[in-house]
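Just so you know, all these numbers are worked out from the coordinates, no wet-lab data involved. These numbers come from a predicted model, not from an experiment. Positions of Cβ are generated from backbone atoms using ideal geometry, with glycine treated the same way; all protein chains shown enter the neighbour counts.
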Amino acid sequence: MTYLETRAVPDRRTGAARRAAPALLGFAAVRALGLLTLALWSAARDKSAYTLLTARWDSLWYSGIAAEGYGHEVRLPTGDIHSDLAFFPLLPWLERFGATLTPLSYADAGFVVSLLASLAAAWGVYAVGEHVGGGRAGVCLVLLWAVLPVGIVQSMAYSESLFTALAAWSLYAALTRRWVTAGALALAAGLTRPVGLAVAAAVWAAGVAAFARTRSTAGTHGARATVRAPGEGARCALGMLLAPLGAVGYVVWAGHRAGGGLLGYLDVQAGWRNGFDGGWAFARFTAGLFTGFPSALAGAGLAAGVALVGWLYVLGVRRRLPLALLVYTGLVTLLALGASGYFGSKPRLLLPAFPLLLPLAAVLARSRTAGAAAVLVPVAVASALYGAFWLNGSGPP
């Protein structure tokens, strides 16, 4: 039994905003709880919650690019070179735009962009969930995404919320065959994070699948039979052409700027000791945690988390989620878990992989409201406490 066979078809007579309102209100409530908890926790430790959200870790790099453009490097005693070329340009562009038009600083503008993008992301996540599993599943999907342990990142001046918003709406456009919109949003996602290529791959997968279905229909009902709207083939081709241009364009430009040609961006990432080894370094890191106690508890938690991610993906395959979602989620997960550096960042890097939560959303959607609340409310409280603890401790990168 597939999602598309069992979902309730949304009533198009009601507005999209009205249908999404419960999801957006629930998301806003979870984020408000997280921010309030962070503020209280930080005040108790004589720290500024706002500084933690806007002026630490990657936020400083983004605001620096917004203020001065690219060209800043930090040379470490180890010989490593941290270059700002590792950071994609869309968020800094928006920070500069906001700071130019308003009295906001670059950091303030980044925070505002993140807040607005997180709401846009929640709406896009709802739209995908509604399309696949119905309105109730869409609401549950948004709430599950909101209460993830690292959900506080959705309110930071980071690029996760912006990227997820662009990715979710691109996926929705591809699922509903709005090809040029899907390609343009994928292009923008590719200017936000390296994993934007996963969005482009999803658009390509949706386009190829639509073409295959059209040929299959024509072969069954005769040469003149088609499920395409007039001009859809050209729009699909244009969307597929646009989709990878953002990520590819920036990678090529950054490589040239770094002096390494087409592959120069890999050298930039190597300066941060970040690369792709298929997860071997992460596996060795996790195994190393089992050599003592209490580090073994952290190792068990990491192993369980990876197993859960894999199980959820397999569930999505078995329940026949749309190919575009499987391609996107698979690539985001592979790139996050297969990266060779910054092991503590992997939960944050998985944040855009929201379709992984669709099987859980389907289960919650079938339960009563009281039952779903009994699950989500304690998890939201735990997530808020963890986010406050995390940012007041080691925190991202």
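Taking the criterion of being touching a Pro at 6+ places or on another chain (Cβ under 6 Å) and within 16 Å of L162 (Cβ to Cβ), would at least one residue in segment 66-85 satisfy it? Yes, the conditions are met somewhere in segment 66-85. Take the conditions touching a Leu at 6+ places or on another chain (Cβ under 8 Å) and part of a loop (DSSP other than H, G, I, E, B) and apply them to F88. Does it pass? The answer is yes for F88. Looking at segment 358-393, which of its residues are part of a loop (DSSP other than H, G, I, E, B) and either within 22 Å of the chain's Cα centre (by Cα) or more than 25 Å from L36 (Cβ to Cβ) (or both)? Scanning segment 358-393 gives R366, S367, R368.
Of the helices (runs of 4 or more DSSP H) lying entirely inside segment 269-357, the ones with 3 or more residues being without any contact (Cβ under 8 Å) to a residue 12 or more places away in the chain and not hydrophobic (A, V, I, L, M, F, W, C) are found at 295-318. Of all residues in segment 87-119, those being more than 30 Å from V147 (Cβ to Cβ) and among the aliphatic types (A, V, I, L, M) number 2. For segment 66-76, the criterion of being surrounded by fewer than 19 Cβ atoms within 10 Å (Cβ to Cβ), touching a Ser or Thr at 6+ places or on another chain (Cβ under 9 Å), farther than 20 Å from S170 by Cβ and of a type in the set (D, E) is met by at least one residue. For segment 37-72, the set of residues classified as touching a residue at least 60 places away in the same chain (Cβ under 8 Å) and either assigned to a strand (DSSP E or B) or among the acidic types (D, E) (or both) consists of D58 only. The condition (being touching a Ser or Thr at 6+ places or on another chain (Cβ under 8 Å), of a type outside the set (A, V, I, L, M, F, W, C) and surrounded by 18 or more Cβ atoms within 10 Å (Cβ to Cβ)) is satisfied by just one residue among G299, G344: G299. Within segment 106-128, identify whether any single residue is out of contact with any His (no Cβ under 8 Å at 6 or more places or on another chain) and not in a helix (DSSP H, G or I), and answer yes or no. Scanning segment 106-128, I find no residue that is out of contact with any His (no Cβ under 8 Å at 6 or more places or on another chain) and not in a helix (DSSP H, G or I), so the answer is no.
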